[in-house]
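Colleague: For reference, the structure I am asking about is given below.
Please treat every number below as a calculation from the coordinates, not as lab data. What you are looking at is a predicted structure, and each value in this text was computed from that prediction instead of being measured. Neighbour counts are summed over all protein chains in view; Cβ atoms, including those assigned to glycine, are modelled from backbone coordinates with ideal geometry.
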Amino acid sequence: MSMWKAYTVILILLVSLADAKILVSMPELKEIVERISGEEVESLIGSQIDPHSVSIGYQDLKKIEYAEVVLLANSRLLEFESKVMQVCGGKCLDFEDYNATLQDFPGIGENPHAYWLLPRNALNIALALKNKLVEMHPERVEEFEKNYQDLKKAIEFAEKDAKKIVSKVKDYSFVAMDPHVAYAVSALGLNVSLAFPEEFTPSAEELSRMGQLRNCVLVLVEYQEGTKLEEIAKQISEDYKCGMAKVRVISDLNFETLLIANAVSLSNPSFAESENNLPLYLLSSIAVTEALGIVVLWRSKRRT
């Protein structure tokens, strides 16, 4: 490669890095951040990548250097975020900046996983970013304030509709098969009666609590379909006559549509057998069809 071509490649790389003004550590935070900034946001790691097993490299460091703001989930829990925190200085926003609420769930206690699925936590993240951007760009204060208020109204509107959708299962006992599920259930005002620790097979003591639950529904994350955890959930479902449902915690949907989609899923749990002995696959098909219809109708209503 000639010297001229080498400089051209370096220049293109630096320009592309400089375009990423706002970074998030995890893709789950992107959508909220883009709604406030009005600009495309880049994530340091990809979707469905275990944040506990990643490390930051040279290109990541350059992106952090050129970024105006970097949003982290919780640098006290994630090693790669703690390293980001060491190099990003005052441009980082972290868990302590969000005034976020961590809830306690039976079985696991205080839960730091996917706390941003709670509407008030999502709005607190948005508010922290809005204030940071106003501080950096006071000439755009009206733009950022409008973006925040629009997001707030949209989430509050969706939250009310989502709670109406799940009203028929408000007395059910939901069991989070993974800590990430717990906030997706709690976000809808539903009762998380039990949550299992991450990557652990439920113990005999934990399973003994299942017999005390009425109308139990086991909840998995969609990407856990076909995993060992789903096999365990199916066995528990058969043993304790529980329903099953899946929610999304990572999605291309915006925050409010994700709320509605999860509400529809949780309001239509699949049971191994109904009173009419309908097979599980048929019940699942009916639930999915109903879910798609409700989400489409809700989106149409949202646009009007």
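Colleague: For Gln59 and Ala154, compute 0.36 nm times the residue count separating them, minus their Cα-Cα distance, and round to one decimal in nm.
Modeller: Values: separation 95, 0.36 × 95 = 34.20 nm, distance 3.58 nm.
Separation in residues times 0.36 nm, less the Cα-Cα distance, equals 30.6 nm.
Colleague: To continue, here is another question. Convex hull volume of the Cα atoms in region 140-211, per residue, in Å³?
Modeller: 93 Å³
Colleague: Let me ask another. Separation between the Asp50 and Glu205 pseudo-spin-labels, each 7 Å from Cα along Cα→Cβ, expressed in nm?
Modeller: 2.5 nm
Colleague: So if we plug the beta-carbon distance of Glu135 and Leu77 into 1/(1 + (r/R0)^6) with R0 = 45 Å, what FRET efficiency do we get, rounded to 0.05?
Modeller: 0.95
Colleague: For Glu31, what charge total do you get from the other residues with a beta carbon under 11 Å from its beta carbon, if Lys and Arg give +1 and Asp and Glu give -1? Intermediate results must be reported in sequence, preceding the final value.
Modeller: Values: positive: Lys30, Arg35; negative: Glu28, Glu34, Asp252, Glu256.
After counting each charged neighbour, the total is -2.
Colleague: Between Lys146 and Glu40, with labels modelled 7 Å along Cα→Cβ, what's the label distance in nm to one decimal, could you check?
Modeller: 2.3 nm
Colleague: Obtain the nm distance between the two label points defined at Glu231 and Lys168 by a simple spin-label model: each point lies 7 Å from its Cα along the Cα-to-C-beta direction.
Modeller: About 3.4 nm, to one decimal.
Colleague: Go through 49-61, 70-82 and give me the packing order, highest mean Cβ count within 10 Å leading.
Modeller: On the way: 49-61: 12.3, 70-82: 19.9.
Output ranking for 49-61, 70-82: 70-82, 49-61.
Colleague: Using +1 at the C-beta of Lys and Arg and -1 at the C-beta of Asp and Glu, which of Phe95, Ala195, Phe157 has the Cα lying farthest in the positive direction of the dipole of region 84-203?
Modeller: Phe157
Colleague: So, one more: Which residues does the label zone of Tyr223 cover in region 193-207, counting backbone N under 17 Å from a point 7 Å along Cα→Cβ?
Modeller: Output list for this probe position: 198-200.
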